[in-house]
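Only one structure is covered here, and it is reproduced in the block below.
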Amino acid sequence: ERMTSLISGVDVAEGAPSRIFFWIKTFDIVQLYPFGTGVSGYQVLSPILLNELLLTGGQRAVHSTYFQVLGEYGYPGIVVFVGLIISNFVATKRMKKQFIAQNDSIKVFQTVVLEATIISYLVAIVFIDRLYSVTLYWVMLIIMCFYNIYYIKNNEARQVSNKTFSTD
């Protein structure tokens, strides 16, 4: 059905134009609810805010995790969500820098794989609403565990060994 829309033309209720319209409507919701609507708020408000032609099935989802966060948790929610994402990239950058300095190519490649995993998921969630799917949070958790084990603990051990040698 989706592939036939490429041949027969664009349906108003389906495809990229409707997604962009849903995304734009999120800003209307945030104007009304700057701290968000809560879980499933976009779906609840969609019959009020959207044209009847777009309401296939009565309610519509926003079809983007970023806009889902913005609509359901408002400005504070999107700041926290983006901050969480940025903190993961800061962690991977620090790890890569340290592993390159230690000439540990295995850990560099493992860090790059973790980065590629989160980047691919972050691209995918532009077009799907997966805020409550655990996949993104598992990837972030794995990055933070990797960071804790190989960066923080390694630096703590190095500081302890430096103190031990300097007190002798």
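With θ taken as phi - 60° and the Karplus curve 6.51 cos²θ - 1.76 cosθ + 1.60 applied, the whole-hertz 3J(HN,Hα) list for segment 26-37 is 4, 5, 5, 5, 5, 5, 6, 10, x, 9, x, 9 Hz, x standing for glycine and proline. A Förster radius of 35 Å combined with the Cβ-Cβ distance from Ile48 to Ala124 puts the calculated FRET efficiency at roughly 0.75. The largest accessible area among Leu122, Leu141 belongs to the first residue in Leu141, Leu122, and the rest follow in falling order (1.4 Å probe, all chains). Shown in residue order for segment 79-92 are the 3J(HN,Hα) couplings computed by the Karplus curve 6.51 cos²θ - 1.76 cosθ + 1.60 at θ = phi - 60°: 5, 5, 4, 5, x, 4, 5, 4, 4, 5, 5, 4, 4, 5 Hz (x for Gly and Pro). Cross-link partners for Lys96 among the lysines, with Cα-Cα distance under 18 Å and sequence neighbours closer than 8 places in the same chain left out: Lys107, Lys153. Converting the Cα gyration tensor eigenvalues of segment 109-168 into ellipsoid dimensions via √(5λ) gives semi-axes, longest first, of 37, 11, 6 Å.
In the context of the full protein assembly, Leu84 retains an accessible surface of approximately 70 Å², using a probe radius of 1.4 Å and ignoring ligands and nucleic acids. The convex hull around the C-alpha trace of segment 25-119, projected and averaged over every direction, spans 7.3 square nanometres.
The values are calculated or read from the model by the stated rules, or taken from the named source; none is laboratory data. This structure is a prediction, so every number in the text was calculated from the model and none was measured. Every residue, glycine as well, gets a Cβ built from its backbone with ideal geometry; the counts of neighbours run over all protein chains shown. Quick note on the areas: whole protein, heavy atoms, side chains included, nothing else; ligands and nucleic acids left out. Shrake-Rupley method; radii C 1.70, N 1.55, O 1.52, S 1.80 Å.
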